[in-house]
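FYI, it's all coordinate maths here, none of it is from the lab. Here the structure is a predicted model, which means the values were calculated and not measured. Don't worry about glycine lacking a Cβ; one is built from the backbone with ideal geometry, like all the others, and counts go over all protein chains shown.
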């Protein structure tokens, strides 16, 4: 029984050291996650770091009627002023570069979603910013008055600048 306890303690110690090692390697290689300011009129803001600090996620609501490009323009200016490059849909499969409209079949009742996605790459190519903007139509034919917004800053493993 004593050997089992010692084995479990050893396994937990090795697991903890491995997790710590991965976190330190992430920090040493990628550096700190870049910070991006949020719009002054963002409400219900929630930001958090993801697993081992690999990514940062901020979600918030913006009270601008559909279709508002001001959020995309705000982040475009904020990131591009720091040397980030806007990625096209051809360069990054996540970006759409245009509004998408679809029915959300996961909600009851079903609702129409108007979505815009955009992405940018950091100057050193090690991070990318992903922006998702969604307007939910609750009444058919009536433009939504506010949008849910999500911004992620994450490693860009597909970058050509990585060794």
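Return yes when residue 77 is in a helix (DSSP H, G or I) and surrounded by fewer than 18 Cβ atoms within 10 Å (Cβ to Cβ) and no when it is not. Yes: the conditions hold for residue 77. Does residue 117 satisfy the criteria of being without any contact (Cβ under 8 Å) to a residue 40 or more places away in the chain and more than 16 Å from the chain's Cα centre (by Cα)? Against the criterion (without any contact (Cβ under 8 Å) to a residue 40 or more places away in the chain and more than 16 Å from the chain's Cα centre (by Cα)), residue 117 does not qualify.
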